[in-house]
Amino acid sequence: MSAGFGIYVHWPYCESKCPYCDFNSHVADTVDHGRWRAAYLSELDRTAEETRDRTVTSVFFGGGTPSLMKPDTVAAIIERIRAGWPVADDVEITAEANPSSSEAALFAAFADAGVNRLSIGVQSFDDAALKFLDRRHKADEARRAIEAARDAVPRFSFDLIYALPGQTAADWRRQLSEAVSLAGGHLSVYQLAIEPGTEFHKRRVEGAGDETAAELYEVTQEALAAAGLPAYEISNHARPDDACRHNLTYWRGGAYAGIGPGAHGRLRTGGAWALTLEKRMPDDWLRAVETEGAGLHKRTPIDPDERAREAVLLGMRLAGGLSAADFAETTGLSLEDWLDGDRLDVLADEELIAPFDGTRLRALPDGLMRLNAVLDYLLN
């Protein structure tokens with residue numbers, strides 16, 4: 001299948017918890033890196049037993065803050081992956097990182113360990129915005145970190161957040177202009193979302209209103225497309241051939257293994273799909289790997305209809321949409337037969353999706369902006 005096979009490795013620790021973050025991240029006074037290294041290697045060995053026939057096309061170290069991992073732990077994980085699976089010659093190995101000076105100083109060591117792509121959590125080039133987001137770095141540190149990444153690895157990306165309270169289109173255009181001047185082949189641009197359970201939610205913080213957020217979204221699409229970085233997914237922009245291959249595996253319905261606390265996986269064995277979920281809390285996961293031989297919380301079969309819903313939900317995020325051939329490969333179903341033709345016609349008449357021709361289901365620009373509503377109508 002064209003989507004490839006990825007391995008996601010979750011590092012659960014951060015120096016501090018960002019107030020907008022709802023990821024599985026935790027702050028710890030001390031971390032026993034030797035124990036964690038051994039646990040990751042054990043989980044990789046267990047997972048390889050059932051997936052050795054797959055060729056690894058991408059590895060992604062996410063978190064948390066993976067740049068807080070020891071470079072020798074990263075090297076050991078990559079070496080164990082190469083020992084356990086066939087690995088593509090052009091395998092993409094990404095590590096997320098923060099722009100603090102202490103972490104940027106390790107970029108070269110991560111490259112030596114085998115990382116060939118860095119994804120940096122810049123979030124803003126404005127110090128006031130960084131303070132609001134409770135980031136630990138300053139804008140100048142972010143600029144230096146981008147240059148350090150450029151020197152260390154062949155490919156890099158960085159994240160920005162928009163639709164902050166009071167943000168204007170003029171301000172955001174200035175941010176995007178600087179981002180383009182510093183970017184490599186990829187940018188990730190996310191609208192601030194106030195998620196339940198986050199510190200911002202507890203404080204009743206509100207981002208920009210819907211009308212302003214929509215305007216800023218349109219500014220983003222126009223400015224980055226004009227700079228040669230068109231959107232290939234709702235929040236991700238890239239030059240030709242520089243999209244994140246690991247994330248494309250998710251969005252195209254490919255299989256992937258999830259390693260580490262709270263990590264999700266989608267594995268296909270013998271034609272059947274299963275969802276895997278690792279124990280969420282770091283101490284629980286580590287203890288389970290050491291005492292029970294696995295950090296797995298649950299493994300749930302995915303029936304074809306549920307897999308079909310997942311394929312549509314993910315594939316419609318892509319600018320190119322969902323391929324009917326990929327849908328058939330991942331579900332065993334016909335996309336044309338599975339979808340409601342009358343609803344497709346309504347969405348096409350409203351110019352939210354392109355008319356469905358039997359080969360590809362694709363949202364148009366207005367549909368991408370209102371994708372949640374489009375999917376709700378199409379699938380429910």
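What follows is calculated from the coordinates using simple rules that are stated; it is not laboratory data. Being a predicted model, the structure only gives us computed values, none of them experimental. Note that each Cβ is placed from the backbone with ideal geometry, even for glycine, and that neighbours are counted across all protein chains shown.
Fully extending the segment from Ser177 to Val27 would add 50.6 nm, taking 0.36 nm per residue of separation and subtracting the current Cα-Cα distance.
Taking a Cβ cut-off of under 14 Å around Ala225, the surrounding Lys, Arg, Asp and Glu residues balance to a net charge of -1, with basic ones at +1 and acidic ones at -1.
With contacts taken as Cα pairs under 8 Å and at least 6 residues apart, region 94-233 reaches a relative contact order of 22 percent.
Separation of region 187-225 and region 281-332, taken as the distance between their Cα centroids, equals 27 angstrom. Let me know the shape class of region 150-288, please: from the alpha-carbon gyration tensor, a ≥ b ≥ c as square roots of the eigenvalues, rounded when a/c is under 1.5, otherwise prolate if a/b is greater than b/c, or oblate. The shape class here is oblate.
Classify region 127-231: rounded, prolate or oblate, from the alpha-carbon gyration tensor (a ≥ b ≥ c, eigenvalue square roots; a/c under 1.5 rounded; otherwise prolate if a/b is larger than b/c)?
Details: a/c = 2.06, a/b = 1.32, b/c = 1.55.
The shape class here is oblate.
Take every Cα pair under 8 Å whose residues are at least 6 apart in sequence, average their separation, divide by the length of the chain, and the relative contact order is 16 percent. Which of the helices in the chain, when you take each full DSSP H run, stretch at least 18 Å along the axis at their Cα atoms and have an average Kyte-Doolittle score of 0.0 or higher? Helices meeting the span and hydropathy rule in the chain are 71-84. In this rough spin-label picture, where each label sits 7 Å from Cα along the Cβ direction, the Glu350-Ala274 distance is 4.0 nm. With the simple model of a label 7 Å out from the Cα in the direction of the Cβ, Lys131 to Asp90 spans 4.6 nm.
Straight-line cross-link partners of Lys298 among the aspartates and glutamates, defined as a Cα under 19 Å from its Cα and at least 8 positions apart when in the same chain: Glu43, Asp45, Glu49, Glu50, Glu278, Asp283, Asp284, Glu290, Glu306, Glu310. Relative contact order of region 199-336: 18 percent, from C-alpha pairs under 8 Å at least 6 residues apart in sequence.
Length gained on full extension, Glu195 to Glu290, computed as 0.36 nm times the residue gap minus the Cα-Cα distance: 30.9 nm. Lys138 sits among other residues whose Cβ lies under 11 Å from its own Cβ, and their net charge, with Lys and Arg +1 and Asp and Glu -1, is +1.
Grab the beta carbon distance between Glu50 and Leu364, set R0 = 35 Å, and tell me the FRET efficiency rounded to 0.05. Mind showing how you got there, number by number?
Working: r = 40 Å, r/R0 = 1.16.
That gives a FRET efficiency of 0.30.
Amide H contacts for Gly260 (H built 1.01 Å from N in the peptide plane; partners 5 or more residues away or on another chain; cut-off under 5 Å): His10.
For the chain, what does -39500 (n - 2.57) per DSSP helix run (n ≥ 4), summed and divided by total residues, give at 222 nm, in deg cm²/dmol to the nearest 500? Calculated mean residue ellipticity at 222 nm is -12500 deg cm²/dmol. Per-residue packing, averaged as other Cβ atoms within 10 Å, sorts the ranges 133-145, 267-279 into the order 133-145, 267-279, beginning with the highest.
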